[in-house]
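Report on the following structure.
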Amino acid sequence: MSKKNPEYDFKWCPGCGDFGVKRAIEWAMEKRNIALEAPMQDTVVVAGIGCSGNLVHLLDGDQPFGIHGLHGRSLPVAFGVKGGNPDLNVIVVSGDGDFLSIGGEHIAPQAQRNLNVTAVVMDNGVYGLTKGQSSPTTIFGEITPSTPYGKIEQPLNPLEVYLSLGVNFVASGFSANPRKLADLINEAMSYDGFSIVHVQSPCTTYNDTFSALKGDVKKGISPVAWDVDDDYDPSDRQKAQQIIASGGIPLGVIYKNPDSVSLDARTREMAEKVKIGDLDQQLNAFSI
Ligand SMILES: Cc1ncc(C[n+]2csc(CCOP(=O)(O)OP(=O)(O)O)c2C)c(N)n1
Ligand code: SF4
Ligand SMILES: [Mg+2]
C-alpha cells in the first residue's frame, strides 16, 4: 500500500539494528527517486516474515508500495512484481532466516536470471520474531532456545554463498552506520542486475553483537567488522573471494560485475526478435 496501515502496531525493541537499516533504506529510496525523477509510488518494497520484514510497515515519510508476503518467498514475489512491470524499482527486505534458511533455494535462480532487484538482508544471527532460535548465521556452539546444548552446525558465510551462486553485486554493511549503508543500498539500486546488500543488524534482545562488531577498546575487544580499503577494486571476482576469506566481516562493496546484463535488458532484446504471426500461424504452432 502507498498508505501506512494505522492498525499494524508492530514495534522493534529499543536499540534493534533494524532501525538503522530502515533509515538507510529511506535515504536510499529518496536519493534514487530524485535521480530517476520518479514518484515514490514507482518503488515496491517486498518483505519477508520476521522482525526485519516488518520494516515495510514502519517506513516513515513518503510511502512506497509494500508487500508483506510469505516467510522465505520474498524473491519469488519480487520476481512476479518485476515481471508484471519491469519499470518498477523493487527492493526486497529480508532476515537471515528468511533469506538464507527457508528462502535459500531462491537466491541461485534469481542470480542466474540477473533479476534487476536489490535485496537488503538484515542479519542478526537469530530468528528474532520467533524468540531467538538459531539461524544459518548463528555461530557454532551458541546456546539458543533451539540449540540448548550449543549449535552443532557451522555457520555459513553469506558473502561467500552469494558470490559462489553468481550474484553480480554483493555489498556488506552495518546498521550502526546508516549513512554509509544508505550509500551502499543506493549503489545497489543503481546497478543493472541482481544486487544484495547484506547488513549486520544486531538483535538487542536475543543476540546483541554490537560491541563484538564495533570492538571495545576499554574491554580490549578488537572489532569483527572492518572497512575495505578505499582503493579496493570490487570488479575483480578473485579479489572479492580473497577479501571474504580473509576473516572478520568486510564492509563495503565486495563484488560488482562490470559486465552485468540484467534480465530486463535480455527480455527487451528477445522481445524485439519475437515475430507475432496471424491467428492461424499461432494455432498451428501448437498443433502436433
Ligand atoms: C512457512 C513458515 N515457517 C515458519 C514461520 C515462523 N517464522 C516466522 S519469522 C521466522 C524467523 C525469522 O527469522 P529471520 O528471517 O532471521 O528474521 P528476524 O526476525 O530475525 O528479523 C519464522 C521461523 C512462518 N511464519 N512461516
Ligand atoms: S527481537 Fe531482536 S530483531 Fe526483533 S525487534 Fe527485538 S531486537 Fe529487533
Ligand atoms: Mg534474523
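Read the figures in this text as sums done on the coordinates, not as results from a lab. Worth saying up front: this structure is predicted, and the values here are computed from it rather than measured. Quick reminder, even Gly has a Cβ in these numbers, built from the backbone with ideal geometry, and neighbours come from all protein chains shown.
What is region 77-196 by shape, rounded, prolate or oblate, if you read a ≥ b ≥ c off the alpha carbon gyration tensor as root eigenvalues and call it rounded for a/c under 1.5, prolate for a/b larger than b/c, and oblate otherwise? Before the final figure, lay out the partial values.
On the way: a/c = 2.11, a/b = 1.77, b/c = 1.19.
Here region 77-196 falls in the prolate category.
Long-range amide H contacts for Ile249: which residues qualify at under 5 Å (H placed 1.01 Å from N, peptide plane, sequence gap of 5 or more or a different chain)?
Distant-sequence amide H within range of Ile249: Ala225, Trp226.
Estimate the FRET efficiency between Ile276 and Glu37 by the formula 1/(1 + (r/R0)^6), using the beta-carbon distance for r and 41 Å for R0, to the nearest 0.05.
On the way: r = 33 Å, r/R0 = 0.80.
Once rounded, the FRET efficiency stands at 0.80.
Quick check on the chain: helices-only [θ] at 222 nm, where DSSP H runs of length 4 and up contribute -39,500 (n - 2.57) each and the sum goes over total residues. Nearest 500, please.
-9500 deg cm²/dmol
How would you rank Cys51, Cys203, Cys13, going from fewest to most other Cβ atoms within 10 Å of each one's own Cβ?
Cys13, Cys51, Cys203
What is the set of long-range amide H partners of Ser135 at a cut-off below 5 Å, with H atoms built 1.01 Å from backbone N?
HN-HN under 5 Å from Ser135: Tyr127.
For the pair Arg268/Ser190, report the inter-label distance in nm, with labels modelled 7 Å from Cα in the Cβ direction.
If labels sit at Arg268 and Ser190, their model points lie 1.8 nm apart.
Report the residue, chosen from Leu165, Leu263, Leu251, that carries the largest GNM mean-square fluctuation when the chain is represented by alpha-carbon nodes joined by springs under 10 Å.
Leu165
In a Gaussian network model over the chain where Cα atoms closer than 10 Å are linked, find which of Asn177, Asn257, Asn54 has the largest mean-square fluctuation.
Comparing Asn177, Asn257, Asn54 in the GNM, the peak value goes to Asn177.
State whether region 191-288 is rounded, prolate or oblate according to the following rule on the C-alpha gyration tensor (a ≥ b ≥ c being the square roots of its eigenvalues): a/c under 1.5 gives rounded; otherwise a/b larger than b/c gives prolate, and the remaining case gives oblate.
Values: a/c = 5.07, a/b = 2.74, b/c = 1.85.
Prolate shape, in that a/c is at least 1.5 and a/b is the bigger ratio.
Please figure out what share of the DSSP beta bridges in the chain is antiparallel and state it in percent, rounded to the nearest 5. All intermediate terms of the calculation are to be shown ahead of the outcome.
Numbers: 9 of 38 bridges.
Among the beta bridges of the chain, antiparallel pairing accounts for roughly 25 percent.
Enumerate by residue number the GluC sites (Glu not before Pro) in region 7-105 meeting two conditions: DSSP loop (anything except H, G, I, E, B), and at most 10 other Cβ atoms within 10 Å of the site's Cβ. Intermediate results must be reported in sequence, preceding the final value.
Details: sites: Glu7, Glu26, Glu30, Glu37, Glu105; in loops: Glu7, Glu37.
Answer by residue number: Glu7, Glu37.
Placing unit charges on C-beta atoms (Lys and Arg positive, Asp and Glu negative, everything else neutral), compute the dipole magnitude of the chain about its Cα centre in debye, rounded to 20. Intermediate results must be reported in sequence, preceding the final value.
Values: 24 positive and 34 negative charges, 103 e Å.
Taking the Cα centre of the chain as origin, the dipole is about 500 debye.
Sort the chain into rounded, prolate or oblate with this rule: let a ≥ b ≥ c be the square roots of the eigenvalues of the Cα gyration tensor; rounded if a/c is under 1.5, and if a/c is not under 1.5, prolate when a/b is larger than b/c, oblate otherwise. Mind dumping the intermediate values first?
Details: a/c = 1.72, a/b = 1.55, b/c = 1.11.
Prolate.
Please order Ile102, Ile288, Ile91, Ile244 by the number of other Cβ within 10 Å, starting at the fewest.
Values: Ile102 16, Ile288 2, Ile91 28, Ile244 22.
Listed from fewest to most nearby Cβ atoms, that is Ile288, Ile102, Ile244, Ile91.
Do the alpha carbons of any pairs in Lys11/Lys151; Lys11/Lys131; Lys3/Lys180; Lys180/Lys214; Lys11/Lys218 sit beyond 24 Å of each other, and which pairs? Intermediate values should be presented prior to the final figure.
Working: Lys11/Lys151 29 Å; Lys11/Lys131 14 Å; Lys3/Lys180 28 Å; Lys180/Lys214 15 Å; Lys11/Lys218 32 Å.
Pairs exceeding the cut-off: Lys11/Lys151; Lys3/Lys180; Lys11/Lys218.
May I ask which residue of Ile254, Ser235, Ala265 lies farthest towards the positive end of the charge dipole of region 197-288, with charges of +1 (Lys, Arg) and -1 (Asp, Glu) on Cβ and the Cα centre as origin?
Ile254
Per residue of region 114-120, what does 6.51 cos²θ - 1.76 cosθ + 1.60 with θ = phi - 60° give for ³J(HN,Hα)? Whole Hz please, x for Gly and Pro, Karplus curve as stated.
For region 114-120, the Karplus-derived couplings read 6, 4, 7, 9, 10, 9, 10 Hz, x marking Gly and Pro.
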